[in-house]
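The values are calculated or read from the model by the stated rules, or taken from the named source; none is laboratory data. As the structure is a computational prediction, the values presented were derived from the model and not from experiment. Every residue, glycine among them, receives a Cβ derived from its backbone with ideal geometry; neighbour counts consider all protein chains shown. Accessible surface areas use protein heavy atoms only, side chains included; no ligands, DNA or RNA. Shrake-Rupley method; radii C 1.70, N 1.55, O 1.52, S 1.80 Å.
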Amino acid sequence: MSTARRIKLFGRAHPNVELIQYAETWAQKIQFNTGLEAVREVAQRPHRAPLVTVAIRSDGSVESVTFEFSSGVAEVDDAIRRIVEGQKPYAAFPPALAREYDVVEIRRTWHFDTAVRLQ
């Protein structure tokens with residue numbers, strides 16, 4: 001078991017504003033930087049909207065990508081892993097957040113239509 005100080009952010013509500021801002025910046029990077037071709041390819045495959053937790057270390061590296069609920073289509077799940085891995089490194093935690101946590105786990109539902117939408 002890891003001794004890392006971690007926080008799980010499931011949704012967009014938390015009293016730590018810096019944590020919310022970090023997670024929103026991370027989500028925006030995914031949403032704005034995913035190529036249209038990748039989105040179209042995934043959107044064409046019938047699938048469920050997967051629920052994914054991405055664990056990010058304080059230096060911005062990715063610790064893990066965990067599917068809480070799979071899309072039901074291996075190619076869609078693989079595309080999500082490629083999207084997350086392809087956009088790293090992510091921003092390092094701001095100093096106040098890094099003093100509290102070593103890892104932030106961000107859980108979002110992924111939707112594909114004309115873009116990637118993380119909810």
Return only the number of the condition from (1) open to solvent by 80 Å² or more (accessible area, probe 1.4 Å); (2) in contact with a helix residue (DSSP H, G or I) (Cβ under 9 Å, 6 or more places away or on another chain); (3) not in a loop (DSSP other than H, G, I, E, B) that residue 79 does not satisfy. (1)
What pairs come up if the first residue lies in region 27-40 and is closer than 13 Å to residue 80 by Cα, the second is open to solvent by 40 Å² or more (accessible area, probe 1.4 Å), and their beta carbons are under 8 Å apart, counting only those six or more places apart or on different chains? 31/117; 38/82; 39/113; 39/114
Could you check how many residues of region 15-35 are in a loop (DSSP other than H, G, I, E, B) and touching a strand residue (DSSP E or B) at 6+ places or on another chain (Cβ under 7 Å)? 1
If you go through 61, 71, the only one that is open to solvent by less than 60 Å² (accessible area, probe 1.4 Å), of a type in the set (Ser, Thr, Tyr), without any contact (Cβ under 8 Å) to a residue 40 or more places away in the chain and under 12 Å from residue 84 (Cα atoms) is 61
Search result, residues across region 17-30 that are open to solvent by 30 Å² or more (accessible area, probe 1.4 Å) and more than 12 Å from the chain's Cα centre (by Cα): 17, 18, 20, 21
Residue count for region 82-119, restricted to those that are hydroxyl-bearing (Ser, Thr, Tyr) and crowded, with 19+ Cβ neighbours inside 10 Å: 2
Unique residue being of a type outside the set (A, V, I, L, M), more than 14 Å from residue 118 (Cα to Cα) and at pLDDT 95 or above when the list is 37, 41, 75, 68: 68
Residue hits (region 36-53; part of a loop (DSSP other than H, G, I, E, B) and open to solvent by less than 40 Å² (accessible area, probe 1.4 Å)) are 50
